[in-house]
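The values are calculated or read from the model by the stated rules, or taken from the named source; none is laboratory data. Please read all numbers here as calculations on a predicted model, not as lab measurements. We place every Cβ from the backbone using ideal geometry, glycine too, and count neighbours over all the protein chains shown. Side chains included, ligands, DNA and RNA excluded: accessible areas come from the protein's heavy atoms. Shrake-Rupley method; radii C 1.70, N 1.55, O 1.52, S 1.80 Å.
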Amino acid sequence: MSQQTLPSTSAGSPGGGGGLPPRKRFSGDMFFRGTATAAGSMVLVIIAAIAVFLVVKAIPAINKDTVNFFTYKEWFTDGDQPKFGIAATVFGTVLTAALALLISVPVALGIALCLSHYAHRRVATTLGFVIDLLAAVPSVVFGLWGRDYFYEPITDLSKWLHDVFGWLPIFGSGGPYGKSVLLGSVVLAIMILPIVTSLSREVFLQTPPENQEAALALGSTKWEMIRTAVLPYGRAGIIASVMLGLGRALGETIALALTLGSVFAVNFDFLGPGGITIASNIANRFGEANDLGRGALIASGLVLFVITLIVNMGARAIVYRRREFVGGSA
């Protein structure tokens, strides 16, 4: 019985049994990949350009007196013997941001859990839209609102805190009250509240339903299910949202310039007229500064740039280690 030989098919022919069609030289995937790579590279280029600008402009001021620049607590850039330092501004920046996070994060996580697991869907959708809209309000509006409408309530609260808890150093100031670290931190907490809330809500909504149903099937209450299934699963996302809020708090300018007391001091007194941040100091002094003063302010901006990078890199490392731990345990 004779065998019939099937005609051979080339790799590019449309017949059966052939190879894959030749790869196109240009496609939509290649265009998208090139565009995304260019966009990502542009971000790195912009960050590098900002860093180079800050370093070039800051070197003359830092070289003027390197030791005092990092340790001195006052800011005098005029006259024959200028003396300026960032110790007070760095302390105020970290203090106001930390206090704002302490106030806003528990409230933000509670709102996020309410919107994701307790509120009715229509109510959650409406409130979520309002919270997202609140994040778009300009910072100068928050600053004016805090200065004009929060001034009296914070003054009354400061008097009460001093009368009741005045034996604590953080509430030991006897006045005058009003513009203070407490007022600036409360306004800052309201500003970062929608950011942390929106991101945390999205993280909680990503929890697999299987995990939640398994916890409920084992007899857990709703809060026990959230504590054992939702919060551990979203821990990395919560950390990322808090760090994003911290980055917003560290770089805030106008709102703190309107609500802080602009007093150079290094102490933990929340109620007195002290407190100043790097960003608010730049906003208050840049317009009337001389050449040395502008260089010194840019140098302080460089320090803020480094602090923000360190915070973001630390948050990224925490999130990455958390993902590795979850992947390894799985």
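The residues of segment 25-111 have, on average, 63 Å² of accessible surface per residue, using a 1.4 Å probe with all protein chains present.
Apolar share of the accessible surface for the chain: 66 percent from carbon plus sulfur atoms, 1.4 Å probe. Charged side chains reduced to their Cβ positions (Lys and Arg at +1, Asp and Glu at -1) give segment 216-330 a dipole of some 540 debye around its Cα centre. With contacts taken as Cα pairs under 8 Å at a separation of at least 6 residues, the chain carries a relative contact order of 24 percent. Remark: the chain carries a charge dipole of roughly 1080 debye about the Cα centre, counting +1 on each Lys and Arg Cβ and -1 on each Asp and Glu Cβ.
What's the longest piece of the chain with no exposed GluC sites (Glu not before Pro), counting a site as exposed if DSSP puts it in a loop and it has at most 15 other beta carbons within 10 Å? It would help to have the intermediate numbers written out before the result.
Working: sites that count: 74, 288.
Longest run free of exposed loop sites: 75-287.
Segment 189-268 and segment 120-177 have Cα centres separated by 18 Å.
Toward the positive end of the charge dipole of the chain, with +1 on the Cβ of Lys and Arg and -1 on the Cβ of Asp and Glu, the farthest Cα among 181, 292, 170 is that of 292.
Connecting C-alpha atoms closer than 10 Å in a GNM of the chain, tell me which of 185, 220, 139 has the biggest fluctuation. The residue with the greatest mean-square fluctuation here is 220. In the complete set of protein chains, residue-level accessible area for residue 140 is approximately 60 Å², probe 1.4 angstrom. Within a straight-line Cα-Cα reach of under 27 Å, residue 159 can be paired with the following lysines, leaving aside sequence neighbours fewer than 8 residues apart in one chain: 179.
In the calculated pair-distance distribution of segment 172-221, the portion above 18 angstrom amounts to 61 percent of the Cα-Cα pairs. Averaged per residue, segment 178-219 has 39 square angstrom of accessible surface, using a 1.4 angstrom probe with ligands and nucleic acids left out.
Any idea which of 193, 249, 220 is furthest toward the positive side of the dipole for segment 183-330, if Lys and Arg beta-carbons carry +1 and Asp and Glu beta-carbons -1? Final value for the positive-end residue is 220. Starting from the Cα of residue 291, step 7 Å toward the Cβ, then list every residue of segment 30-65 with an amide N under 20 Å from that point. 53-65, by backbone N distance to the label point.
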